[in-house]
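Shown next, in structure tokens, is the structure this report addresses.
The values are calculated or read from the model by the stated rules, or taken from the named source; none is laboratory data. Bear in mind that the values here come from a model prediction, so they are computed numbers and not experimental data. Cβ sites come from the backbone with ideal geometry, for glycine too, and all protein chains shown count toward neighbours.
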Amino acid sequence: MFVYKPDEAEIASTNLGMFASSVGITVKELYDKADSDPEWFWPQVIKDTGIEFFSPYKKVFDNSGGPQHTKWFTEGLINIEYNAVSRYKDSSKPAVIYQNEYLERETLSYSGLNIYVSSVASTLLDMGIRKGDRVGIYMPFNLKSAIAFYSILRIGAVAVPMFSGYGYEAVKTRVEDAGVKLLFTSKGYSRKGKFVDMMSVAEKVGLPIIAEGGSKKGYSFEDAMHGQKRIETEKTGSEDTAIMLYTSGTTGKPKGTVHVHGGALINIAKEVKYYMDLKDGDVLHWITDLGWMMGPWALIGTNVLHGTIYLYDGAVDYPDASRLFTILEDNNVTLLGLSPTLVRMLRYKNIERRFNTVRLFGSTGEPWDDESWSYLFNVLGGGKTPISNISGGTDIIGCFLASNPAIPIKPKCLYRGLGMNASIFDENGKEVYGKVGYLVAKKPSPSMTRGLWMAEDRYLESYWSRFQGVWFHGDFGEMDEDGYFYLYGRADDVIKVAGKRVGPNELEDIVMAVNGVIEAAVISIPDKIKGEALAVFYVGEPDLSGRIKDAIESKMGKPFSPSYVLRLRKLPKTRNGKTMRRVIRSSFLGQDPGDLSNTEDLDSIKEIEELGRTIFNND
């Protein structure tokens, strides 16, 4: 059932519709040709997004080293910063609008951004940073962190953004793994009215620092911004590393994904232009952090397309839920990216207000439940605002799947990504429709990580070992023959009860439909008879265990009746809102939960550990 169905005129008015028309084909034909003919498709994207090379590439791609080591836009010279900042040096258009939690506001034009980026870049050179050196950014997502990010890229160094909420061990681990030589940092920032100290963490790491607000042990960011030197952008190669982003699972050390100037830039520009439909006059705001993939994605994509990005580093529900509506309306935000977790929070608070300035929603981070998706579309969006639901990851600094305003949209749906060759395979590597299986990419795409930093074997094992020559993404999902996809969580979270495999999101959707439930997580635990049994953890009203159990039995059958239904104060989540099911399972069973540096609330894990000790000591 389509809840959003654009007519021909509406399709023609989208960036994707205009792109298809410019090459003389329909949107459907464009999707097909993007997958089947990458040597035609990607040059067309470059032309349509206006991306500039210093020197032209010789081949669109070279897979002579195997699909896992495909190179893109070979021998071309290109730089992300030049395309996002330097080439617009004469533009007075706002590039960045920023507000902090006190609603103090700054606006910086492209011209002003270029001057500051150049000045800070010259300071990096004066401090001995050179092309290829890794430079960390441990700052809130604000005006100065955007300047820091681009200044690193301008000289051909490698930006290593880190989440602004990390503590010492998390920062130290990433700094040491990447071989970071210098760290951008801040004294701190306000979050829900409390000061978050960053300086003490940064100084303890022991690197040279450039600090927003100054530091006794480092160089002042403000002084760096107002230097008089002007330098030109480094003419980096298409395959030169630009960004390292860390992604951490629940076991092992964080993985450093490697992203290059050519492939990352071109794919991000494609996604922001066609999935978010960014046009002249739009203001894009994605609720995120520079340390998450969506931070660089939103920043680069908006600026490359000469749009305006709005940054806010406070809590969007402080002092109350009206804050988000206020900042969007005051800054005329037209494109809004958010997570299902935020929408669930607004729904729980019974907010009936519409986002009046927003013409398109973006969403990512986790699968949707029916009620929250419907609430976003019908209440917050007034039943008219399309939702560009995207799914990809840090490891591709982009999306394999994305709905967008040029296609009809079904509740919770994703759609195949342009030129990403996404599919669903069964256990035997066979493409399947209408059946649950594994999300894969049948062919390489430009923004795929060029490996994991200093971990070639781990890279090959993680992405290329499951199916020969095919990227294994690790998500559990389903697709139909019309190009629509639905994801059900990570493949290693899949539950098998009584011989049937089911994604946790399918079960959580049932739990979420029970009145009084705010959030839910379903895991499997060992069972002597069934092999695996269900344990349900929920946040919400007390005494719902019987109703939750009845709902699962009614929808899924008696074999899926949960062994435990447990109420929590809060679900353990990553700092960007993903439910950490594997941590829940390990903690409940008394096992090592692995790397917790990305965990938002350690107290929630302790609560689960205590429940597990109480239950299993008595069983």
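Matching residues to (1) small (Gly, Ala, Ser); (2) outside any helix (DSSP H, G or I); (3) under 30 Å from residue 453 (Cα atoms):
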residue	(1), (2), (3)
353	no, yes, no
371	no, no, no
400	no, yes, yes
407	no, yes, no
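For (1) in contact with a strand residue (DSSP E or B) (Cβ under 7 Å, 6 or more places away or on another chain); (2) polar (S, T, N, Q); (3) surrounded by fewer than 24 Cβ atoms within 10 Å (Cβ to Cβ), each residue gets a yes or a no:
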| residue | (1), (2), (3) |
| --- | --- |
| 303 | yes, yes, no |
| 306 | no, no, yes |
| 329 | no, no, yes |
| 342 | no, no, yes |
| 348 | yes, no, yes |
| 354 | no, no, yes |
| 358 | yes, no, yes |
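Can you tell me which residues in the stretch 413-464 are assigned to a loop (DSSP other than H, G, I, E, B), modelled with pLDDT under 95 and within 15 Å of residue 68 (Cα to Cα)?
Result: 455, single match.
Say whether the condition of being surrounded by fewer than 24 Cβ atoms within 10 Å (Cβ to Cβ) and within 23 Å of residue 369 (Cα to Cα) is met by at least one residue in the stretch 258-274.
Checking the stretch 258-274: not a single residue is surrounded by fewer than 24 Cβ atoms within 10 Å (Cβ to Cβ) and within 23 Å of residue 369 (Cα to Cα).
When you look at residue 97, is it in the same structural domain as residue 144 (by TED's automatic domain parsing) and either more than 27 Å from the chain's Cα centre (by Cα) or not in a strand (DSSP E or B) (or both), yes or no?
no
Could you please find all residues in the stretch 50-62 being in contact with a helix residue (DSSP H, G or I) (Cβ under 8 Å, 6 or more places away or on another chain) and either over 21 Å from residue 272 (Cβ atoms) or not in a loop (DSSP other than H, G, I, E, B) (or both)?
Listed by number, the residues that qualify are 54, 57, 60, 61.
Scan the stretch 5-18 and give yes if some residue there is among the polar types (S, T, N, Q), under 27 Å from the mean Cα position of the chain (by Cα), surrounded by 13 or more Cβ atoms within 10 Å (Cβ to Cβ) and not in a helix (DSSP H, G or I), otherwise no.
Yes: the stretch 5-18 contains one or more residues that are among the polar types (S, T, N, Q), under 27 Å from the mean Cα position of the chain (by Cα), surrounded by 13 or more Cβ atoms within 10 Å (Cβ to Cβ) and not in a helix (DSSP H, G or I).
Mind checking which residues of the stretch 571-594 are of a type in the set (D, E, K, R), assigned to a loop (DSSP other than H, G, I, E, B) and over 20 Å from the mean Cα position of the chain (by Cα)?
592
Go through the residues of the stretch 233-251 one by one and say whether even a single one is charged (D, E, K, R), touching a helix residue (DSSP H, G or I) at 6+ places or on another chain (Cβ under 6 Å), assigned to a loop (DSSP other than H, G, I, E, B) and at pLDDT 95 or above.
Checking the stretch 233-251: at least one residue is charged (D, E, K, R), touching a helix residue (DSSP H, G or I) at 6+ places or on another chain (Cβ under 6 Å), assigned to a loop (DSSP other than H, G, I, E, B) and at pLDDT 95 or above.
For every residue, the table says whether it meets (1) in contact with a Leu (Cβ under 9 Å, 6 or more places away or on another chain); (2) closer than 19 Å to residue 503 by Cα.
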{"site": "517", "(1), (2)": "yes, no"}
{"site": "520", "(1), (2)": "yes, yes"}
{"site": "532", "(1), (2)": "no, yes"}
{"site": "556", "(1), (2)": "yes, yes"}
{"site": "562", "(1), (2)": "yes, yes"}
{"site": "567", "(1), (2)": "yes, no"}
{"site": "586", "(1), (2)": "no, yes"}
{"site": "605", "(1), (2)": "yes, no"}
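Which one of the conditions (1) of a type in the set (Val, Ile, Thr); (2) crowded, with 22+ Cβ neighbours inside 10 Å; (3) within 22 Å of residue 272 (Cα to Cα); (4) at pLDDT 95 or above does residue 364 fail to meet, given that it meets all the rest?
(4)
Which condition breaks for residue 518 when tested against (1) part of a strand (DSSP E or B); (2) β-branched (Val, Ile, Thr); (3) over 22 Å from residue 371 (Cα atoms)?
Result: residue 518 passes all but (3).
Which of the numbered conditions does residue 362 fail, given that it passes all the others? Conditions: (1) closer than 26 Å to residue 514 by Cβ; (2) touching a residue at least 60 places away in the same chain (Cβ under 8 Å).
Condition (1) is where residue 362 drops out.
Please enumerate the residues belonging to the stretch 1-24 that are among the β-branched types (Val, Ile, Thr) and within 20 Å of residue 481 (Cα to Cα).
3
What are the residues in the stretch 198-246 that are under 31 Å from the mean Cα position of the chain (by Cα), of a type in the set (S, T, N, Q) and over 25 Å from residue 173 (Cβ atoms), if any?
220, 233, 236, 238
It is to be established whether one or more residues within the stretch 559-574 are of a type in the set (S, T, N, Q) and closer than 30 Å to residue 173 by Cα.
yes
If I filter the stretch 569-583 for residues that are farther than 27 Å from residue 599 by Cβ, at pLDDT 90 or above and not assigned by TED's automatic domain parsing to the domain that holds residue 346, do I get at least one hit?
no
So for the stretch 581-604 (the condition being among the charged types (D, E, K, R) and under 24 Å from residue 513 (Cβ atoms)), does at least one residue qualify?
Looking for residues that are among the charged types (D, E, K, R) and under 24 Å from residue 513 (Cβ atoms), one finds at least one in the stretch 581-604, hence yes.
Find the residue count for the stretch 260-295, including only residues that are over 16 Å from the mean Cα position of the chain (by Cα) and not acidic (Asp, Glu).
Summing the residues that are over 16 Å from the mean Cα position of the chain (by Cα) and not acidic (Asp, Glu) in the stretch 260-295 gives 11.
Condition (residue is closer than 21 Å to residue 239 by Cβ, in contact with a Phe, Trp or Tyr (Cβ under 7 Å, 6 or more places away or on another chain) and of a type in the set (Gly, Ala, Ser)) applied to the stretch 389-396: is it met by at least one residue?
yes
Would you be able to tell me the number of residues in the stretch 472-493 that are surrounded by 20 or more Cβ atoms within 10 Å (Cβ to Cβ) and not in a strand (DSSP E or B)?
1
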